[in-house]
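Down below is the structure, laid out as structure tokens.
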Amino acid sequence: MTGVSPKQKFDELAKRPDIEAVLKRYEQVRTEIRERLATEVGLPQKWEQPYKESETPCGQPYSDVREAIAVQMASWANDGRIAEDKWSRAQELFIELTGRHGFGEPQVVVDNPSKHEIRVYDAYGGSIMLGTEKATVLSARTGCHLAQGAHPRAKNAPA
Amino acid sequence: MVTWSDAKRWEPGPLHDLVGELNSEFNELSDTSDELDASAAPAEWTGGGSEAAANRRGDLVDQCQEWAGEIGAVRRAVGDVADAVTGVQNAVREIESLAAAQQFVVTDDGTVMEALCTAEPVPGEIQTERNRIKAELVDRVEQCLRQAKDLDADLASVLKAAAAGKTVAADGESTEPSSLGAWGNTGAIAGSLSIVAPPPVGASPAENAGWWTALSSAQRAKLIETNPELVGNRDGVVAKDRSAANLKLAEKASISLKSEAQAIRDKMANLAGPGGELQKSALKQDLERIEAKLRSLDSIDQIMHDRNGNVRSDVQLMSLDMTGDRAKAAVANGDVDNADHVAVFAPGMNSTVDGSLGGYVNDTADLRQHAQDELIVMGRSDESVATVTWLGYEPPQTDDSDTWLDVVTGDAAEDGGQKLAKFYNGIDAARPTDPHMTALGHSYGSLATGIALRDNVTGVDDAAFFGSPGLGVDSTSELRIPEGHAFTWEAREDPVADVANVTERFGLDPAGMEGMHHMSTEGYQTPSGESTEASTGHSEYMRNDGVFQTSEYGMSRVIIGSPDLRPNPAG
């Protein structure tokens, strides 16, 4: 995007959903995954969020769009680990549910009998990750999106 | 003269009690004053007796006013000292605790003595570390006693003035006893304490930490509000307070730079003729420099505020330096004062606050989340992580990446390395317990990082270098970090990471050094068919670009002290 003005980048981002809509969609996917992991893989029902959500300005190429942000959502943590013989089922339902919400092909960072991590991306560079070792994590980070108040759709909405 | 044993015994309680007694005294005086007010002579009483009574009443009014001033001054001074004594207590506690943990003792006169009992000779590197800790304790004791002596002198001065009747002078100008409250307030101004001056420029982080710890919370808040430039960039001051001071500093700098820019524009508008054009050209350069600094402040403002315009509670503006050609700053994701793991990232060539800081803060926020996710899966979610982007130096700027090595010297890295080492030491000095600290250096920033660790004893436990042209050393043993705790990433198609192979200008190639862990940047096909992402080129190692790379996974494990050293973590 060399030579593209901040205004053009803003217009590009305006074609994406605003950050609040994205956060809502991501949380919905994560809720479905947590529920299915409990019922189909036998993970304990109790999930916690030991760390807080964090937001930052966007990286390249949108770093000069002031109204744009990215959010590292608070990760969900479960004290239980996904048993080795249940991992392929966990992986299947993770891919199925995220795919239903528009996420793409999975990428695996670690995959061995003691530890698994799988990640899927949306069209804007955001991702959701499921990992298990001694415990299990379901984390999410968004791509770059306009803040709700800055999004043209919000500004054009009737009062 | 206040000694260490005196400072150890200081308690705020009796001083607070004294403030209560002085309040009672003041109230009693106020009642007496009211009686005096009611005792005015009847209008029909005239003559010598009446005159004498009026004079006597005037003297009593003066005495009441002076007394009110004295009580006001002493009450204020005693109250302030009581608050400040809590700062001295904190400092004493921290020093005694650090000394005990490291097997030192502080004697009654403030001398720091060895208390290590061993028949075995102490190995050289342990003795070096002990010397560093002892020097830190000496600095901290000195700063604590400086504050204690300052408090003692201030209070003595107020008490002496009160005892000599010199706090305020009621000279008969007013005969109205009803203004006693005002006299008390006048006294309170006279009784306010000075704040002990900060250690001089160039002071060690331990001296700065010792000074800051020994101040009362009220004194700290006042300094942040009125003199943020004394606090914000002072290595050794807690990150939370540095951040508050730097936010103030940013406001002040913005106003001043905007005014400077306008003055230059006005000046340019009035220039004409060939001479004027020449001057305009010089002024334009100044204006561009100022505008870049204003853009830097704008970028910092964006980083420090959330989408609702509130100051973000999970970021800390740990330094802000507007001197020099370009703005310099350091921003932390997380709480550096309390995190179990702190990683400090030094970026390289062409990095600027206005152009790149926001992106780096985004990258390091992402790295922080990766590290936290690893802590979760390892069952260690009670541990916390902070990641800092340190742009406290001015890395070289060049448009031509192919020839940069021909024009770039190591000068900026030498200078930056020394500043970076102080920054690391400041993080440790500001905390009662040291965190597990990782130094991350990319490209030219890895050279600055290497130099920092080569020339200084720091609290860095692990060092991670990526896309490095060299570290300023030929062996990991020259880096003053624990053996086996150096890591490097060298991606395919990264020309900078091969520089050291060609020229050795900045030391040997890190990837070839003995004792250096050569970490994976490759992509892999997993048994189940999915793939991990390789890092290629010079700038992708840590970038939050929507692809989680093997190198990011590797770094996230290093910064929590659990490196995954398998050549293929996917398998």
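The values are calculated or read from the model by the stated rules, or taken from the named source; none is laboratory data. Note that the structure is a prediction, hence the values are computed from the model and not measured. All Cβ positions, even for glycine, are placed from backbone atoms using ideal geometry, and neighbour counts span all protein chains on display.
Can you tell me which residue among B:Leu297, B:Leu278 is more than 12 Å from chain A (Cβ to nearest Cβ) and crowded, with 21+ Cβ neighbours inside 10 Å?
Details: B:Leu278 fails: crowded, with 21+ Cβ neighbours inside 10 Å.
Answer to the selection: B:Leu297.
Between a residue in the stretch B:57-72 that is closer than 17 Å to B:Ser39 by Cα and any residue that is among the acidic types (Asp, Glu) and modelled with pLDDT under 85, which pairs come within a Cβ distance under 9 Å, given they are 6 or more apart or on different chains?
Listed by first residue and then by second, the contacts come to B:Val61/B:Asp37; B:Val61/B:Glu176; B:Asp62/B:Asp171.
(1) more than 8 Å from every other protein chain (Cβ to nearest Cβ); (2) out of contact with any Asp or Glu (no Cβ under 6 Å at 6 or more places or on another chain): which one isn't true of B:Glu383, the others all being true?
(2)
Would you mind telling me which numbered condition in (1) within 12 Å of chain A (Cβ to nearest Cβ); (2) within 19 Å of B:Met437 (Cβ to Cβ); (3) modelled with pLDDT of 95 or more B:Val336 fails?
All conditions pass for B:Val336, except number (1).
Of all residues in the stretch B:311-329, how many are farther than 25 Å from B:Val342 by Cα and within 14 Å of another protein chain (Cβ to nearest Cβ)?
Looking only at that region, the number is 0.
Would you point out which residue out of B:Arg307, B:Arg265 is assigned to a loop (DSSP other than H, G, I, E, B) and either farther than 17 Å from B:Asn246 by Cβ or within 20 Å of the chain's Cα centre (by Cα) (or both)? Before you say what the answer is, go through the steps one by one.
Numbers: B:Arg265 fails: assigned to a loop (DSSP other than H, G, I, E, B).
Answer to the selection: B:Arg307.
Output the residues belonging to the stretch A:46-68 that are more than 7 Å from chain B (Cβ to nearest Cβ), closer than 30 Å to A:Arg34 by Cα and not aliphatic (A, V, I, L, M). Walk me through how you get there before you give the answer.
Taking the stretch A:46-68 first, the residues more than 7 Å from chain B (Cβ to nearest Cβ) are A:46-49, A:53, A:61-62, A:64-65, A:67-68.
In the following step, the residues that additionally are closer than 30 Å to A:Arg34 by Cα were identified as A:46-49, A:53, A:68.
A:Lys46, A:Trp47, A:Glu48, A:Gln49, A:Glu53 - these are the residues of the stretch A:46-68 that are more than 7 Å from chain B (Cβ to nearest Cβ), closer than 30 Å to A:Arg34 by Cα and not aliphatic (A, V, I, L, M).
For residues that are touching a Phe, Trp or Tyr at 6+ places or on another chain (Cβ under 7 Å) and part of a helix (DSSP H, G or I), scanning just the stretch A:1-22, find the one that is nearest to A:Gln72 (Cα to Cα).
Taking the stretch A:1-22 first, the residues touching a Phe, Trp or Tyr at 6+ places or on another chain (Cβ under 7 Å) are A:9, A:13, A:16.
Checking which are part of a helix (DSSP H, G or I) leaves us with A:9, A:13.
Numbers: A:Lys9: 22, A:Leu13: 18 Å.
If we take residues in the stretch A:1-22 being touching a Phe, Trp or Tyr at 6+ places or on another chain (Cβ under 7 Å) and part of a helix (DSSP H, G or I), then A:Leu13 is nearest to A:Gln72 (Cα to Cα).
Restricting attention to strands (runs of 3 or more DSSP E) lying wholly within the stretch A:69-159, give those where 2 or more residues are within 23 Å of A:Gln45 (Cα to Cα) and either more than 8 Å from chain B (Cβ to nearest Cβ) or of a type in the set (D, E, K, R) (or both). Break it down into steps so the answer makes sense when it comes.
Values: elements: A:76-78, A:107-112, A:115-121, A:127-132, A:136-141.
Those strands (runs of 3 or more DSSP E) span A:76-78, A:115-121, A:127-132, A:136-141.
Tell me, yes or no, whether the stretch B:41-49 has at least one residue that is modelled with pLDDT under 90, farther than 22 Å from B:Gly191 by Cα and part of a helix (DSSP H, G or I).
Checked against the condition, which is being modelled with pLDDT under 90, farther than 22 Å from B:Gly191 by Cα and part of a helix (DSSP H, G or I), the stretch B:41-49 yields at least one hit.
Can you pull out every residue in the stretch A:23-45 that is of a type in the set (Ser, Thr, Tyr) and within 14 Å of chain B (Cβ to nearest Cβ)?
Quick first cut of the stretch A:23-45, residues of a type in the set (Ser, Thr, Tyr) only: A:26, A:31, A:39.
Scanning the stretch A:23-45 gives a single hit, A:Tyr26.
Could you please let me know if A:Arg25 is charged (D, E, K, R) and part of a helix (DSSP H, G or I)? Explain how you work it out, then say what you get.
On the way: charged (D, E, K, R): yes; part of a helix (DSSP H, G or I): yes.
When the stated conditions are applied, A:Arg25 passes them.
List every residue pair whose Cβ atoms lie under 9 Å apart, where the two residues are 6 or more positions apart in sequence or sit on different chains, the first residue falls within the stretch B:388-414 and is farther than 27 Å from B:Lys240 by Cβ, and the second residue, located anywhere, is at pLDDT 85 or above and part of a strand (DSSP E or B).
Here the result reads B:Pro395/B:Ala346, each pair linking the stretch B:388-414 to a residue that is at pLDDT 85 or above and part of a strand (DSSP E or B).
Please state which of the following conditions B:Glu514 fails to meet, knowing it meets all the rest: (1) surrounded by 15 or more Cβ atoms within 10 Å (Cβ to Cβ); (2) more than 31 Å from the chain's Cα centre (by Cα); (3) modelled with pLDDT of 65 or more; (4) farther than 18 Å from B:Thr364 by Cβ.
(1)
Can you name the residue in the stretch A:1-19 that is at pLDDT 90 or above and of a type in the set (A, V, I, L, M) and, of all such residues, is nearest to A:Gln60 (Cα to Cα)? Before the answer, list the steps.
Quick first cut of the stretch A:1-19, residues at pLDDT 90 or above only: A:8-19.
Still in the running and of a type in the set (A, V, I, L, M): A:13-14, A:19.
Values: A:Leu13: 13, A:Ala14: 16, A:Ile19: 17 Å.
Only one residue tops the list, namely A:Leu13.
Applying the selection to the stretch A:69-87, what residues are under 15 Å from A:Ala135 (Cβ atoms) and among the hydrophobic types (A, V, I, L, M, F, W, C)?
Result: A:Trp76, A:Ala77, A:Ile82, A:Ala83, A:Trp87.
Would you check which residues across the stretch B:405-460 are in contact with a Lys or Arg (Cβ under 8 Å, 6 or more places away or on another chain) and among the polar types (S, T, N, Q) and list them?
Those that are in contact with a Lys or Arg (Cβ under 8 Å, 6 or more places away or on another chain) and among the polar types (S, T, N, Q): B:Asn456, B:Thr458.
Going through the stretch B:328-348 one residue at a time, which ones are touching a strand residue (DSSP E or B) at 6+ places or on another chain (Cβ under 8 Å), under 20 Å from A:Ala74 (Cα atoms) and part of a loop (DSSP other than H, G, I, E, B)?
B:Gly334, B:Asp335, B:Val336, B:Ala339, B:Asp340, listed by residue number.
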